[in-house]
Amino acid sequence: MEAYNYQFTALRGVQAGREYYVAMCPLKLIPKIFLFDEEEIPAELRAQRVLNKTRIPDIARYIINNADEYVFSAITASIDGEVSFEPLKDHGYGRNAGILTVSMTSRFLINDGQHRRAAIEEALKVTPELGDETISVVFFLDTGLERSQQTFADLNKHAVRPTKSIGILYDNRDPFARLAVKLAGKVPIFKGLTETEKTTISNRSTKLFTLSAIYQATQALLNKGKDDAVEDGDYELAYEYWSTLSKIIPEWRLIIQKQIAASELRRDYVHSHGVTLHALGIVGQSLTEMYPDDWRKRLEPLAEVNWLRTNSHWEGRAMTHGRMTKSGDSVVLTANAIKSILHLPLNAGEVEIENKNQMVATTG
């Protein structure tokens, strides 16, 4: 080994006949030793994806804003250089715990965790005192580009992101997530009918809406973004609005009274899908803003609406070629249709999308 080295307290393990090491690395060392492949290098000559720089500020803010409780999983990296491991003991458990020594001329290549590494670098500029805290690093010994590329592929092949619904369910820091969960447990049309784990609902499911759909629709209702504060009256307004619709829409009353199955409702009606729930949130925002005192009464015409999927009025809005759709334009066009029923004006953006839709329908 050379005279100048990095030394890590580490555990030694074996996978596929190869040694690897798990070490604790100070955060302040992360930006100094871990490198990325330059973006201009062609993908076939790299061992990882190009860094998505738009993700970095969000992760950095997460660290800074939660300095007392942030959590990071391990970074995985390959070492291309001289490595030695000195165990604490020659036998027993101690033979796999010791000091990992790596030459300072070695090249460290991140196989998994490049965005965490970049975010840590940004966070340390704001909160340098976090530099002495540590993150676990799994070190593999690099045997060339092909092996590093395969490591990246293997690490990501079976990775599955949690669904948006379960992310909302478990996110105790997001006040809007807490609001959505509370509504799901209290509002009649949501209570017992909310899918809290999946983002889609199967044909035979006993659930009507996903938690993520309730989250999005309520954001639209309250005209709130993800980072906006949840105020005292937000829950009361949202609860009252969705509960009022629970009484007005006839089929919603039937499922609350257990006189119809969720699967039947979703099969036959547009109001039992996320696109329409989101649209109703948009409508509710305009309605409660324009008529803060009598918006409940103004919702009553929705009791007479033909919500059936066989009603051609919903084609090109909530549906495309007979299938439910959840594009951004579909949500707005569905909201426009409901606003028309309630005699609510469209804003400039809604008019633009409406005109575009009419043009497509005419030329089609």
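Here are the numbers for the structure shown:
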{"quantity": "Some residue of the range 42-52 being assigned to a strand (DSSP E or B) and modelled with pLDDT under 90", "calculated": "no"}
{"quantity": "Selection count, the range 224-241, where residues are touching a helix residue (DSSP H, G or I) at 6+ places or on another chain (Cβ under 9 Å) and at pLDDT 95 or above", "calculated": "7"}
{"quantity": "Filtered residue count, the range 49-70, keeping only those that are of a type in the set (Ser, Thr, Tyr) and surrounded by 15 or more Cβ atoms within 10 Å (Cβ to Cβ)", "calculated": "1"}
{"quantity": "Residue in the range 292-306 that is in the same structural domain as VAL187 (by TED's automatic domain parsing), under 30 Å from the mean Cα position of the chain (by Cα), in contact (Cβ under 8 Å) with a residue 40 or more places away in the chain and closer than 23 Å to THR194 by Cβ present", "calculated": "no"}
{"quantity": "Of residues in the range 82-114 being assigned to a loop (DSSP other than H, G, I, E, B) and aliphatic (A, V, I, L, M), the one nearest to the chain's Cα centre (by Cα)", "calculated": "MET104"}
{"quantity": "Subset of the range 87-102 (residues that are modelled with pLDDT of 90 or more, more than 11 Å from ALA10 (Cα to Cα) and not charged (D, E, K, R))", "calculated": "VAL102"}
{"quantity": "Lone qualifier among ILE166, ILE201 - being in contact (Cβ under 8 Å) with a residue 60 or more places away in the chain and surrounded by 15 or more Cβ atoms within 10 Å (Cβ to Cβ)", "calculated": "ILE201"}
{"quantity": "Condition check for ARG161: modelled with pLDDT under 85 and farther than 28 Å from PHE8 by Cβ", "calculated": "yes"}
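The values are calculated or read from the model by the stated rules, or taken from the named source; none is laboratory data. Since the model is a prediction, treat every value here as computed from it, not as a measurement. Note: ideal-geometry Cβ built from the backbone for every residue, glycine included; neighbour counts use all protein chains shown.
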